[in-house]
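Asks: Following this message is one structure expressed as structure tokens.
The values are calculated or read from the model by the stated rules, or taken from the named source; none is laboratory data. Computed from a predicted model, the values in this text were never measured in an experiment. When we count neighbours, we look across all protein chains shown, and the Cβ atoms used for this are built from the backbone with ideal geometry, even at glycine. Heads up: the accessible areas ignore ligands, DNA and RNA and are worked out on the full protein's heavy atoms, side chains in. Shrake-Rupley method; radii C 1.70, N 1.55, O 1.52, S 1.80 Å.
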Amino acid sequence: MPSAKKLLLLAGDGIGPEVMAEVKRLLAFFARTGIARFDVEEALIGGGCYDAHKVAVTDETVAKAHAADAVILGACGGPKWDNVPYDVRPEAGLLRLRKDLGLFANIRPAISYPALADASSLKREVVEGLDIIILRELTGGVYFGEPKTITDLGNGQKRAVDTQIYDTYEIERIARVGFELARERRNKVTSMEKRNVMKTGVLWREVVEDVHAREYKDVGLEHMLADAGGMQLVRWPKQFDVIVTDNLFGDMLSDIAAMLTGSLGMLPSASLGEVDAKTKRRKALYEPVHGSAPDIAGKGVANPIAMLASFGMALRYSFNMGKEADLLDAAIAAALARGLRTADLKSDGTTVVGTAEMGEAIVGEMERLAAA
Ligand SMILES: NC(=O)c1ccc[n+]([C@@H]2O[C@H](COP(=O)([O-])OP(=O)(O)OC[C@H]3O[C@@H](n4cnc5c(N)ncnc54)[C@H](O)[C@@H]3O)[C@@H](O)[C@H]2O)c1
């Protein structure tokens, strides 16, 4: 008997529960057809959790997240909770989970589905067929480095200080994730830093080269200054396969890459922790890049593709179900190719559908492709 696949679903606020319902539809399909069976638990996070427990995530839920093979999150937050105390604001739940699970590697794919190539602000030929990954270091660097201060200099001036710090082990482990990802793809890693002006950039490059020489000689490696990398991302993004970079540059470069593909409703993400020495599994959290979209919540019009594709990443990275993940990607592409669009993607000559209809169409395509 294969060991049970343990999932924790945290639907969250706003459109979170609406898009998570489509993940449940997919899970039901897997169970019905015998493709896979998951042990599913659900819990509150964000504003809904604050309303029930006066915290953004409970200790019990954090314990469940530790016990799960993968956490699947919808979205947290909304205007209803704008004035709750800072440390229990909805986003605090997600931040605590990321920290407690030690999720240091943030994976954001930028994939352009053929049917949506015209939704990008770039020309069709630049983005059509795009399939790249931005791998961002998520727990170190300038967002967390100390000292982090604003000091009054007493002469009418203030001084703000942020500190960029990276230790060898932090660079090594994110580099390894990058090389492992590339091995399963087109075998190329581009490491981006600013070694020309930053000591952390010098060390970053040195450590990435060491890891490469020691463990991943079979993978192609190139280096690029992060500013030049930003330029290349919009000039000819298809030159990349896996881009690995630090927290600050990754934050910006992943948002640039996001816009190559069109809508926020299309973008999945994964955050991975260390491999557990005993179980050989990684802690992992999968979530769409978008937020809770309060402006459309409750209307049944949200695009479920970012959420479904995030679950697809869980199939790939947590459950070794690459074949099913490919099938899901193909099903999404097929539903789009049929001209179905949620409101955020609509264009002339397409059919606008709601969240549930889009989910139904994608699962229907899965069924068709699985039987083919
Ligand atoms: N990881 C998270 O949980 C997360 C991430 C970002 C924002 N937030 C929170 O979400 C709330 C709203 O933030 P925001 O409005 O800045 O960002 P947002 O991503 O929720 O929405 C931005 C715009 O994109 C649209 N949009 C987002 N997802 C969509 C989808 N799946 N289908 C169709 N349209 C979609 C929205 O309708 C809105 O017009 C805030 O409380 C914010 O703090 C949470």
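Asks: Restricting to segment 266-282, give me the number of residues that are surrounded by fewer than 24 Cβ atoms within 10 Å (Cβ to Cβ) and not in a loop (DSSP other than H, G, I, E, B).
Replies: The total comes to 6.
Asks: Let me ask something else. Is there a residue being free of Cβ contacts under 8 Å to residues at least 60 places away in the same chain and more than 21 Å from Ile296 (Cβ to Cβ) anywhere in segment 15-28? Break it down into steps so the answer makes sense when it comes.
Replies: To start, the set of residues in segment 15-28 that are free of Cβ contacts under 8 Å to residues at least 60 places away in the same chain comprises 17, 24, 27-28.
Now narrow it down to the ones that are more than 21 Å from Ile296 (Cβ to Cβ): 27-28.
So far as segment 15-28 goes, yes, one or more of its residues are free of Cβ contacts under 8 Å to residues at least 60 places away in the same chain and more than 21 Å from Ile296 (Cβ to Cβ).
Asks: Taking segment 318-372 only, how many residues are under 19 Å from Ala36 (Cα atoms) and open to solvent by 70 Å² or more (accessible area, probe 1.4 Å)?
Replies: Within segment 318-372, residues that are under 19 Å from Ala36 (Cα atoms) and open to solvent by 70 Å² or more (accessible area, probe 1.4 Å) number 8.
Asks: Can you list residue pairs whose Cβ atoms sit under 8 Å apart, with the first residue in segment 301-317 being within 21 Å of Leu135 (Cβ to Cβ) and within 11 Å of the ligand (Cβ to nearest atom) and the second being assigned to a loop (DSSP other than H, G, I, E, B) and open to solvent by 10 Å² or more (accessible area, probe 1.4 Å)? Count only pairs 6 or more apart in sequence or on different chains.
Replies: Ala306/Val289; Ala306/His290
Asks: May I pose another question? Are there any helices (runs of 4 or more DSSP H) wholly within segment 50-144 with 3 or more residues that are more than 16 Å from the ligand (Cβ to nearest atom), and if so which?
Replies: 59-67, 124-127
Asks: OK, next. Determine which member of the set Leu253, Leu285, Leu248 is closer than 26 Å to Asp167 by Cα and either acidic (Asp, Glu) or within 16 Å of the ligand (Cβ to nearest atom) (or both).
Replies: Values: Leu253 fails: either acidic (Asp, Glu) or within 16 Å of the ligand (Cβ to nearest atom) (or both); Leu248 fails: either acidic (Asp, Glu) or within 16 Å of the ligand (Cβ to nearest atom) (or both).
Answer to the check: Leu285.
Asks: Can you name the residue in segment 45-66 that is under 27 Å from Ile305 (Cα atoms) and open to solvent by 40 Å² or more (accessible area, probe 1.4 Å) and is also farthest from the chain's Cα centre (by Cα) among such residues?
Replies: Restricting to residues being under 27 Å from Ile305 (Cα atoms) and open to solvent by 40 Å² or more (accessible area, probe 1.4 Å), the top hit is Lys64.
Asks: Now for a separate question. Can you tell me which residue among Ala302, Ala297 is buried (at least 22 other Cβ atoms within 10 Å of the Cβ) and in a loop (DSSP other than H, G, I, E, B)?
Replies: Answer to the check: Ala302.
Asks: Quick one: in segment 14-35, of everything that is in a loop (DSSP other than H, G, I, E, B) and open to solvent by 10 Å² or more (accessible area, probe 1.4 Å), which residue is farthest from the ligand (Cβ to nearest atom)? Spell out how you get there, then give the answer.
Replies: Taking segment 14-35 first, the residues in a loop (DSSP other than H, G, I, E, B) are 14-15, 34-35.
The next check asks that each one be open to solvent by 10 Å² or more (accessible area, probe 1.4 Å); those that pass are 14, 34-35.
Numbers: Gly14: 6, Gly34: 30, Ile35: 25 Å.
Here the residue is Gly34.
Asks: Counting only residues that are in contact with a helix residue (DSSP H, G or I) (Cβ under 9 Å, 6 or more places away or on another chain), among the charged types (D, E, K, R) and closer than 21 Å to Ser121 by Cβ, how many does segment 240-281 have?
Replies: 1
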